[in-house]
Amino acid sequence: MIPVEDALATVHQKEATLRATMLQFELALARMRQVMQVPPSQEAWLSSFATRLNFLNKQHRIALKNDLSALSTRLRLIYGQKNVASSAIAQLEKRAQDASETFAEAKTLMSECQVLYDRRVLEKTIDVANRVQLRRTLSHLRVRLEEAEKYAAKIKADMDEWRVYFKLLSSEKELSKFLDKLRLHKLTKTAAEEKVAPVFGRILEVCKERDTIISESSALGLAQETLWLAFGSRGIREREFRREIALHDALLERARAQMAVQAEVLGQAENLTALACSPTSLPGPDGMEISFDRLREAYTRFQALEATCDTMEESAKPLMNTLRTLLINLQDDREPTA
């Protein structure tokens, strides 16, 4: 026989374990309410959150237009004034093309120098001292040519990746037309409610299941306590005790099974806040999907590419001069100098 006090202590412990399990959901639910800024009343969640999403989406679209318009103006003012007849993107395209052509010319000069050097060595028209110096010079020039190749490759890769964004950001007319599309994709309160309702519906179902489990646990514990206290000092048969405790274990299993569902649903609810920043992209002038985040980043990328072109020019100019001088020396029948 199981003493009544021991049996009731076990029941109380089972109830406490179940409440502790449910507490995790309560805390997560409170965090969700804080993140989504919804009122305590569940009935008001949908309307309140949809109204907030509608307001935040409007603010997002206004900020997006202002930010991109400001970046476009800055880009055109800084990089479009060097030549009034040419746009900022046209000038950058030319610089990228110049970098490619410069590298190709340097590569050709390097090849011609190497061919002439090898021929002069074969013909034995270079003394040993000059031959050593020329070998070192050619080796150094190859390293600098490799650096120029890396710059040229980076300029081409960046230009290919960002060209569509550069074109859009540098064109006041095209950007204005593109941003005008935003109003066609605004998140109305009705649209927000339609997107939010299924998730909130699941949350309410989970809350209902939680309430049901807690209610059943409390009712079960009360019934057992009422019945067992009537036994007095007789105690409870072990078989009956185990059967009754198994009912608590079943409720606890239901509660634990709900934890994964609860986490999933609350995660979906918190993800709904991203709707405020929709849309995240729209088709551009050529039909390609344009990401607003990347369009914002395009200004910084444009600056970086301009800097890379500057570096390429600074390193390529002396390299080209050295290669041309060396080629002329190697073409001369007299003893060449490095």
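So Leu229 fits all but one of (1) open to solvent by 90 Å² or more (accessible area, probe 1.4 Å); (2) of a type in the set (A, V, I, L, M); (3) under 53 Å from the mean Cα position of the chain (by Cα); what number is the exception?
Unmet condition: (3).
Yes/no matrix, rows are residues, columns are (1) over 30 Å from Val164 (Cβ atoms); (2) among the aliphatic types (A, V, I, L, M); (3) part of a helix (DSSP H, G or I):
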position: Leu77; (1), (2), (3): no, yes, yes
position: Ala90; (1), (2), (3): no, yes, yes
position: Glu93; (1), (2), (3): no, no, yes
position: Met110; (1), (2), (3): yes, yes, yes
position: Gln114; (1), (2), (3): yes, no, yes
position: Val132; (1), (2), (3): yes, yes, yes
position: Arg135; (1), (2), (3): yes, no, yes
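Check Ala90 against each of (1) open to solvent by 50 Å² or more (accessible area, probe 1.4 Å); (2) free of Cβ contacts under 8 Å to residues at least 24 places away in the same chain; (3) within 30 Å of Pro279 (Cα to Cα) and name the one condition it does not meet.
Of (1) open to solvent by 50 Å² or more (accessible area, probe 1.4 Å); (2) free of Cβ contacts under 8 Å to residues at least 24 places away in the same chain; (3) within 30 Å of Pro279 (Cα to Cα), only one is false for Ala90: (1).
Checking Ala70 against (1) within 30 Å of Val265 (Cα to Cα); (2) at pLDDT 95 or above, which single condition isn't satisfied?
Condition not satisfied by Ala70: (1).
When you go through (1) modelled with pLDDT under 90; (2) on the phi < 0 side of the Ramachandran plot one by one for Gly235, which number turns out not to apply?
Tallying (1) modelled with pLDDT under 90; (2) on the phi < 0 side of the Ramachandran plot, Gly235 fails exactly one: (2).
Glu193: part of a helix (DSSP H, G or I), surrounded by fewer than 18 Cβ atoms within 10 Å (Cβ to Cβ) and in contact with a helix residue (DSSP H, G or I) (Cβ under 7 Å, 6 or more places away or on another chain), yes or no?
Yes; evaluated as a whole, the condition is true for this residue.
Suppose the filter is farther than 30 Å from Glu93 by Cα, assigned to a helix (DSSP H, G or I) and in contact with a helix residue (DSSP H, G or I) (Cβ under 6 Å, 6 or more places away or on another chain); does Phe241 pass it?
For Phe241, the condition - farther than 30 Å from Glu93 by Cα, assigned to a helix (DSSP H, G or I) and in contact with a helix residue (DSSP H, G or I) (Cβ under 6 Å, 6 or more places away or on another chain) - is met.
Taking into account only those residues within the range 242-274 that are free of Cβ contacts under 8 Å to residues at least 60 places away in the same chain and farther than 30 Å from Glu225 by Cα, which is most open to solvent (accessible area, probe 1.4 Å)?
Asn271
Picking from Leu187, Leu227, Leu168, which residue would you name as being in contact (Cβ under 8 Å) with a residue 12 or more places away in the chain and in a helix (DSSP H, G or I)?
Exactly one residue qualifies, and that residue is Leu168.
Test each condition in (1) on the phi > 0 side of the Ramachandran plot; (2) part of a helix (DSSP H, G or I) for Thr308 and report the one that comes out false.
(1)
For the range 133-163, give me each residue that is among the charged types (D, E, K, R) and over 23 Å from the mean Cα position of the chain (by Cα).
Scanning the range 133-163 gives Arg135, Arg136, Arg142, Arg144, Glu146, Glu147, Glu149, Lys150, Lys156.
Out of Phe178, Phe166, Phe200, which single residue is modelled with pLDDT of 90 or more, under 30 Å from Arg19 (Cβ atoms) and within 27 Å of the chain's Cα centre (by Cα)?
From the options Phe178, Phe166, Phe200, the qualifying one is Phe200.
Out of all the residues in the range 164-193, which are of a type outside the set (Asp, Glu), touching a Leu at 6+ places or on another chain (Cβ under 7 Å) and under 17 Å from Tyr299 (Cβ atoms)?
The answer is Tyr165, Phe166, Leu168, Leu169, Ser170, Leu175, Phe178, Leu179.
Considering the range 29-45 alone, what residues qualify as being surrounded by fewer than 18 Cβ atoms within 10 Å (Cβ to Cβ) and not hydroxyl-bearing (Ser, Thr, Tyr)?
Ala30, Arg31, Arg33, Gln34, Val35, Gln37, Pro39, Pro40, Gln42, Glu43, Ala44
The values are calculated or read from the model by the stated rules, or taken from the named source; none is laboratory data. Quick caveat: nothing in here was measured; it's all calculated off a predicted structure. Ideal geometry is used to build each Cβ from the backbone, glycine not excepted, and the neighbour counts take in all protein chains shown. Heavy atoms of the whole protein, side chains included, go into the accessibility calculation; ligands, DNA and RNA do not. Shrake-Rupley method; radii C 1.70, N 1.55, O 1.52, S 1.80 Å.
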